Structures are given as C-alpha cells and as structure tokens.
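The block underneath contains the structure these notes are about, expressed in structure tokens.
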Amino acid sequence: AGALIAFCYIGVANIEEFNVMTSFALLGMIIIGGLGTVLGSFLGAGFFVMLPIAINHGLGTFMEVVPADILSNIEAIVFGGLIVLFLIVEPYGMARLWHTIKDKLRLWPFPY
C-alpha cells in the first residue's frame with residue numbers, strides 16, 4: 001500500500017509523507033473493508049474516498065453555521081466512530097456485508 005501511495009499520489013517516497021495519520025487511514029480502510037479479503041480492501045478504499053465527499057456535500061449547507069475547522073474535525077470523528085462500529089457490529093467488514101446481501105438476494109423470490 002505504501003508503494004502504491006508513493007507511486008500514484010506523491011511521486012517520491014519521503015519519510016515526511018508517511019506519518020501516523022496515513023498509517024491510521026490505511027488501517028481504517030482494511031478494518032472497514034474487511035480483514036483478509038481482496039474485495040474488502042477495495043470496498044474499504046472506496047469507502048474512505050467517498051465518505052469525505054459525502055460529508056462535505058451533506059454539511060456544506062451548514063457552512064455558515066459550522067466553522068471550517070470544526071467541519072474538518074467532523075470527518076476524523078466520523079471515521080473513528082465507523083471503525084469502532086465496524087469492529088463491534090461487523091468484525092469482518094463490508095466484504096461480509098456484501099456477501100450476506102448477495103446471498104439473500106440470490107434466494108429472494110423463493111426463500112426455501
């Protein structure tokens with residue numbers, strides 16, 4: 001994962017680019033997506049990319065009410081809360097949820 005970040009986004013691998021927050025973000029992607037599955041890695045990365053966009057669009061209407069520094073901290077609070085929620089409720093992550101939904105929809109019209 002670190003090599004892909006250095007190659008795709010940064011272009012060069014400096015020690016300053018890989019801080020603790022980057023490590024927590026990568027770990028959060030793995031936890032939310034699902035440990036030990038390739039599908040979970042993709043789902044977790046997609047979730048971590050799309051959630052800030054959804055938060056900014058959802059809370060963008062309250063930009064006059066909520067200051068910008070608090071709005072940036074809300075993103076970290078939501079990420080932390082979701083990591084704890086996934087560890088408690090669904091420890092196998094979004095990959096397990098995907099397989100459960102897929103199995104239920106496969107038997108949907110005739111549940112026998």
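General remarks:
- The residues of region 32-50 that are within 14 Å of PHE86 (Cβ to Cβ) and aromatic (Phe, Trp, Tyr), listed by number, are PHE47, PHE48.
- Criterion: part of a helix (DSSP H, G or I), within 23 Å of THR22 (Cβ to Cβ) and modelled with pLDDT of 90 or more - qualifying residue of LEU71, LEU85, LEU51: LEU85
The values are calculated or read from the model by the stated rules, or taken from the named source; none is laboratory data. What you see is a predicted model; the values in this text were computed from it and never measured. Every residue, glycine among them, receives a Cβ derived from its backbone with ideal geometry; neighbour counts consider all protein chains shown.
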